[in-house]
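**Q** Would you mind keeping the following structure in view while I ask a few things?
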Amino acid sequence: MAVISFAGIRCAMLCLAALAALAPAGAAPLRIEATPTEIRCLNSAATLVIDRAPWRLRLLDRNQQPHYAEARPPAFQIDGAWIPWTAATPSPDSGDMLVAVTLANGARAELRISPFGDHGFRLAARASGPAVTAVRGTAALDPVEEIYGFGEMWNGHVAQRGQAFTLWDESGTPDECAYMPYYVSTRNYALFLDYGGPVRFDVGRRRADELVFEAPAASLEMTLVTGDSIPDTVRRVLTQVGLPACPPRWAFQPWFWLMGDPNVPGAPIGTLKEEHFIEMVNRLHQLDIPVGVTWFEPPWQTARTTFIPNPEFTKDLPGLIRRLGDLGVRALGWTVPYTTATASNWAEAVSRGYLARKPGGGAADGRVAISDSGEAAGNAYTYVDLYNPEAFAWWKRQIAAALDLGLVGFKLDDGQNLPADAQLHGGRTGRDVHNAYGMEYNRVFGEALRAKYGEDHLLIPRAAWLGSSAHSNFKWPGDLSGSFANNGLPSSVYSSLSLAFCGVPFVSTDIGGFQDKPAPEHVWIRWAQFGAMLPGMQTLHMPWWYSEPAQAHLRYLAWLHTDLIPLWMSLAREAAATGAPVCRPLVWTFQDDVDAWRVDDQFTVGTSLLVAPLMNPEPRREVYLPAGRWFDFWDEAESIEGPATVEWFKRGPQGRWKFPLYVREGAIIPMEIRNGVTGFGWAGSEGAVTLALWPRPDGEGSFVLHDREAPVPIRVAGRAGEAVTIAIGASKLQYLLRVHLADGTPAGVARDGVALAALDSLETFRAARGDGWFHDPARKTLWIRHAGHAAPGTIAIQLSGRRG
């Protein structure tokens, strides 16, 4: 995989220093091999090959197989003309490699190459002589190749081949605030341009065999990394730029939040008071809808942004936070990266030069217009200059003071509006760091929260940059229309799945959108179905704004989401270790299946559940099922052998309350059940881990449960349709096993060779306290109770009857 980066002259040294800091300590120096025709730069597991004349660059893996190749030489824009690189001459220097580059006009440039982990290279090029005003690169596209990434994409696509776009964060509906000039290819390389300003990409639109990128930067930086697959490629990138932070367990409970009086849909934000939060939580509890997180929107502060409680919102914010805590709800604060003239910290920020400056160096007047929805408009020279170490520390101290009130995290709004002509610390301009500002915004809050709480906090930014998830531990998409239009639910599906390739594994969506309160009921229902299958389930649309059937449906979805917390938590641990997204576009798991490459609107939760969101009110859509056997989640008697494209359709009223959801044969899904709402258990299930299993009749499935104790490996193996064995690693927890036996009837169940008692009814099984089992032939479900043991154990199921 390859990563490439560009930076403006003012931030070139910053980018180089940052990348150098990310390199592993003691990284082995590169080996250089030069011949009259080429220069070979060898890392431990990758090779960079540069043809000396004419210039051409290729990236090879450890087996000397090509992953990335230039279609055309890089070019610098000088005096309005594009000047390509034409030749290279090596000059090894201090463990790095120094290459003298000749341009077509005779000018010279210096290219320094250094290691980026074991599988990659950092390159940084700067021309001497006339000023460079832009850079260009051109990658070759294979006839069969697809491209993903670019951050949070809003163009209605996840697979981007054939598209052209400019990455520049800006406000709107949607808010475009997490663009990243980074992509990953099915050829197993990634490309990252570490330039924070506008970048134009043409991904095979002008020419089907070329990917072209241009940026108005004065220098070229480039990092190239190889991988064995898309997941391996992404992991190697994130290992260097920052693996995601893991959210706490409580963050996977549903989030409900308010913009005004919860009993008045669309109430002005100025009506928001402390009692509304207590009322909201109590009413959710009355409806038996789980809630674990809320946050206080703008009125909680005296001004934007003081971090000081507003007495008109509450006279006792710590007391309000404690009352919510007693109800099982943790509280965050909403905030932004700027301050204003009405804020108590404004004078200090201006006098000490802590804010972005206007062209010429002057300070803004601090007057910021606020819309009816609480959005800032216009003047953004009030941003805190987080590139200034003193300003960074000053802002961080104020964040820390807010945490002393009892807040356990923040929802970070804005971050995408730094003016292009703003003047910043170190000679930076707003243009050169506009898209990248989210990194520093996330970092200052992440550092303050870690200092107070360790990892037991929640940080939900809107703006993001490659690697910023090392500082935050969730992401929200900004403000969307409450509709099925391109700026509503569909855009949230595509943008969430684009982030999967970019090191942002923990995503959420505003169920029902933001702009329309309330959103139409049919939109809210479909959006809730999608949102429940993301790791962060949240809405500001109160259930009681809708019909009783819609409330009941949200209750089901909220409990399903909550029941899955052991799965969410286990996948979160995996994400923190590898960068793997929790919700995975099909190509992530099924890269060998070319038909899965351009499926932009489906995903799997881990590897077990396949979700195909309905983005209109109709209860039908096409669904692509990759290889394997897939069970209908709503009717396990129905299964389909993939690969296959099927039309999912539910007739009658059930079509409103169901959506395409499939379980992959071999799935192992850990759950935490407290009631019978979802049908995966009952009130007596509480206190045990419920393992929902769909064994292969002849084959294995495995999963690592990593939730409340050390990792517990689980392996389920079918043997010729005659037996199923379930091996569970050492664990002190009690387990309830729900085993779907599609093709056989149990003749006996034993644990470590000791037969378990067969019980004659589900009621008897529920009432029993010891190990035992019950088979429900109508549902093809086998229930097994298994007490945890300090040593690993194996459950053996003997079957009578085989798959026909």
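The values are calculated or read from the model by the stated rules, or taken from the named source; none is laboratory data. Being a predicted model, the structure only gives us computed values, none of them experimental. Neighbour counts are summed over all protein chains in view; Cβ atoms, including those assigned to glycine, are modelled from backbone coordinates with ideal geometry. Accessible surface areas use protein heavy atoms only, side chains included; no ligands, DNA or RNA. Shrake-Rupley method; radii C 1.70, N 1.55, O 1.52, S 1.80 Å.
**Q** Taking Rh as the Kirkwood radius computed over C-alpha pairs, what is the Stokes-Einstein D of segment 154-213 at 20 °C in a medium of viscosity 1.002 mPa s, expressed in µm² per second?
**A** Translational D for this selection: 172 µm²/s.
**Q** Between T35 and E110, what is the FRET efficiency for a Förster distance of 30 Å, r being their Cβ-Cβ separation, to the nearest 0.05?
**A** 0.90
**Q** Another one. Pull out the extension gain between T794 and R352, defined as 0.36 nm times the separation in residues minus the alpha carbon to alpha carbon distance; nm, one decimal.
**A** Value of the extension gain: 152.5 nm.
**Q** Which chymotrypsin sites (Phe, Trp or Tyr not before Pro) in segment 624-654 sit in a loop by DSSP (not H, G, I, E or B) and have at most 14 other Cβ atoms within 10 Å of their own Cβ?
**A** For chymotrypsin sites (Phe, Trp or Tyr not before Pro) across segment 624-654 that sit outside H, G, I, E and B with at most 14 neighbouring Cβ atoms in 10 Å, the list reads W634.
**Q** Please state, rounded to one decimal and in Å, the Kirkwood hydrodynamic radius that segment 421-549 gives when every pair of distinct Cα atoms enters the mean of 1/r.
**A** By the Kirkwood definition, the hydrodynamic radius is 16.2 Å.
**Q** Ok, one more. Starting from the Cα-Cα distance between K732 and D316, subtract it from 0.36 nm times their residue separation and give me the gain in nm to one decimal.
**A** 145.5 nm
**Q** Taking H placed 1.01 Å from N in the peptide plane, check which residues at least 5 places from Q538 or on another chain put their amide H under 5 Å from its amide H.
**A** Under 5 Å from the amide H of Q538 lie the amide H atoms of W255, T509, I511, each far enough along the sequence or on another chain.
**Q** Taking the Cα atoms of segment 480-533 alone, what are Rg (to one decimal) and Dmax (as a whole number) in Å?
**A** 11.0, 33
**Q** Further question on the same structure: Accessible area of the chain with a 1.4 Å probe: how many percent of it is carbon plus sulfur?
**A** Answer for the chain is 51 percent, counting heavy atoms of protein chains only.
**Q** Still on this structure, please answer the following. How many nm separate the modelled label positions at W250 and N63, each set 7 Å beyond the Cα in the direction of the Cβ?
**A** For W250 paired with N63, the spin-label model returns 4.9 nm.
**Q** I've got another one for you. State which entries of K358/K396; K475/K517; K452/K475; K273/K517; K273/K658; K475/K650 exceed 25 angstrom in Cα-Cα distance in the structure shown.
**A** K273/K658; K475/K650
**Q** For the chain, what does the accessible surface come to per residue with a 1.4 Å probe? Please give it in Å².
**A** Using a 1.4 Å probe on heavy atoms only, each residue of the chain averages 34 Å².
**Q** Round to the nearest 0.05 the FRET efficiency obtained for A750 and A644 when R0 = 51 Å and r is the Cβ-Cβ distance.
**A** Computed FRET efficiency for A750 and A644: 0.85.
**Q** Largest first and in whole Å, give the semi-axes of segment 40-198's equivalent ellipsoid, each being the square root of 5 times a Cα gyration tensor eigenvalue.
**A** Output for segment 40-198: semi-axes of 28, 21, 15 Å.
**Q** Label points 7 Å out from Cα along the Cβ direction at S761 and D96: separation in nm?
**A** 7.8
**Q** Pop out the Kirkwood hydrodynamic radius of the chain from its pairwise C-alpha distances, inverse of mean 1/r, in Å to one decimal.
**A** 28.0 Å is the Kirkwood radius here.
**Q** Keeping every protein chain in place, order D516, D601, D175 by accessible area at 1.4 Å, biggest value first, i.e. largest first.
**A** Result of the area sort, largest leading: D516, D601, D175.
**Q** Sorted by average packing, counted as other Cβ atoms within 10 angstrom per residue and highest first, what order do 440-453, 121-134 take?
**A** Result, highest mean Cβ count within 10 Å first: 440-453, 121-134.
**Q** Tabulate in residue order the Karplus-calculated ³J(HN,Hα) for segment 746-751, using 6.51 cos²θ - 1.76 cosθ + 1.60 with θ = phi - 60°, rounded to whole Hz; enter x for Gly and Pro.
**A** Listing the rounded values in order: x, 9, x, 10, 9, 10 Hz.
**Q** What is the Cα centroid distance between segment 229-260 and segment 627-706, reported in whole angstrom?
**A** Taking the Cα centre of each part, segment 229-260 and segment 627-706 sit 24 Å apart.
**Q** Along the Cα→Cβ direction, 7 angstrom out, place labels at A778 and D421. What is the inter-label distance in nm?
**A** Each label point lies 7 Å from its Cα, and together they span 7.5 nm.
**Q** Here is a further query. Which number comes out as Rg/Rh for segment 225-346 once both Rg and the Kirkwood Rh are worked out on C-alpha atoms?
**A** Result for segment 225-346 is an Rg/Rh of 1.13.
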